[in-house]
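Okay, structure first, notes after.
The values are calculated or read from the model by the stated rules, or taken from the named source; none is laboratory data. All figures in this text were calculated on a predicted structure; none of them were measured in a lab. Counting neighbours? That spans all protein chains shown, and the Cβs are built from the backbone with ideal geometry, glycine included. Accessible surface areas use protein heavy atoms only, side chains included; no ligands, DNA or RNA. Shrake-Rupley method; radii C 1.70, N 1.55, O 1.52, S 1.80 Å.
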Amino acid sequence: MPNRYEGLLAETVHIRGHNGDDAESYLARPLGAGPYGGVVVIHHMPGWDEGTKEIARTFAAQGYATIAPNLHYRAAPEASADDASAAVRAAGGVPDAQCIGDVEGAASYLRSLPYSNGKVGVIGYCSGGRQTYLVACNIPSLDAAVDCYGGRVVASADQLTPGQPVAPLDMTDKLACPILGLFGQEDASPSPSDIASIEEELKRLGKTYEFHSYENAGHAFFSVGRPSYRQDAATDGWDRIFTWFDKYLSA
């Protein structure tokens, strides 16, 4: 009988984030020598919650060393995910430079592990989808990206802030890795017109990408615990995510 043993390790770790800050993160990895590709999971606006950690464990079960940095920890270090998220919202969101620094630190941490194959991708949901597009345009070492219904990649002048001063769409010329986009046709942010604008810019600049929009699905269709969950879209989406990362992050 073949060896069917499976195992993974999941634990809280600390990485060097933006400006050298100590950033708490959640690491999940397969038990074994590897080498494994790496995935950075950017959490949604509700924060560094159990759903985010479950996503990290899902990637570990698929054979990826995965880390989910807590982008909200500075706002309320001792608070719950909900309270930290509220503090971040009140402050205008996570500053883009800080997000880039934290994700770059997370990617460097993954590459430093003895079982890494050196390749790292990034995935994010909701606000994390926007941040995925942002970091993919600002961290040249990333090997693949997946944007799950990230709103405000397209942003008007009145939506820009000191912490988020440039629309990610306007950084597309710097995109250095292939990007997969998964969206709901009934979503308002990003809207179908936003998605069309992003796709037009990616085409114009000759970037490698794939976009898929699902009928009868809106925002957060991956979220099992919400009324927005759509099983068919989520199942197909996960298949596409695994195929994408297998293509670009395998040894």
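Here is how the numbers come out for the structure above:
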item: Residue within segment 194-205 that is open to solvent by 50 Å² or more (accessible area, probe 1.4 Å), farther than 20 Å from Tyr125 by Cβ and in contact (Cβ under 8 Å) with a residue 12 or more places away in the chain present; result: yes
item: Residue list for segment 169-193, restricted to those being hydrophobic (A, V, I, L, M, F, W, C), out of contact with any strand residue (DSSP E or B) (no Cβ under 7 Å at 6 or more places or on another chain) and open to solvent by less than 40 Å² (accessible area, probe 1.4 Å); result: Leu169, Met171, Leu175
item: Members of segment 181-210 that are within 24 Å of Pro140 (Cβ to Cβ) and touching a His at 6+ places or on another chain (Cβ under 8 Å); result: Gly181, Leu182
item: Exclusive hit being closer than 20 Å to Ala56 by Cβ, touching a residue at least 24 places away in the same chain (Cβ under 8 Å) and open to solvent by 10 Å² or more (accessible area, probe 1.4 Å), set Tyr149, Tyr125; result: Tyr125
item: Which numbered condition Ser213 fails, given (1) surrounded by 17 or more Cβ atoms within 10 Å (Cβ to Cβ); (2) hydroxyl-bearing (Ser, Thr, Tyr); (3) more than 28 Å from Cys137 (Cα to Cα); result: (3)
item: Selected residue (only one of Gly38, Gly63, Gly17, Gly101 is open to solvent by less than 70 Å² (accessible area, probe 1.4 Å), closer than 24 Å to Ser250 by Cβ, touching a helix residue (DSSP H, G or I) at 6+ places or on another chain (Cβ under 7 Å) and at pLDDT 95 or above); result: Gly38
item: Every residue from segment 155-168 that is surrounded by 12 or more Cβ atoms within 10 Å (Cβ to Cβ) and farther than 23 Å from Val39 by Cα; result: Ala155, Leu160, Thr161, Gly163, Gln164, Val166, Ala167
item: Residue satisfying all of: in segment 77-95; closer than 23 Å to Asn19 by Cα and without any contact (Cβ under 8 Å) to a residue 12 or more places away in the chain; least open to solvent (accessible area, probe 1.4 Å) among these; result: Ala79
item: Boolean, Phe222 is in a loop (DSSP other than H, G, I, E, B), crowded, with 19+ Cβ neighbours inside 10 Å and either within 17 Å of the chain's Cα centre (by Cα) or at pLDDT below 95 (or both); result: yes
item: Members of segment 148-186 that are among the aromatic types (Phe, Trp, Tyr) and out of contact with any Ser or Thr (no Cβ under 6 Å at 6 or more places or on another chain); result: Tyr149
item: Only listed residue being within 14 Å of the chain's Cα centre (by Cα), charged (D, E, K, R), at pLDDT 90 or above and on the phi < 0 side of the Ramachandran plot, chosen from Glu24, Glu50, Glu11, Glu54; result: Glu54
item: Pairs, first more than 30 Å from Ala90 (Cβ to Cβ) in segment 54-76, second assigned to a loop (DSSP other than H, G, I, E, B) and open to solvent by 10 Å² or more (accessible area, probe 1.4 Å), C-beta under 8 Å, six or more apart; result: Ala61/Glu6; Ala65/Gly34; Ala65/Leu113; Ala65/Tyr115
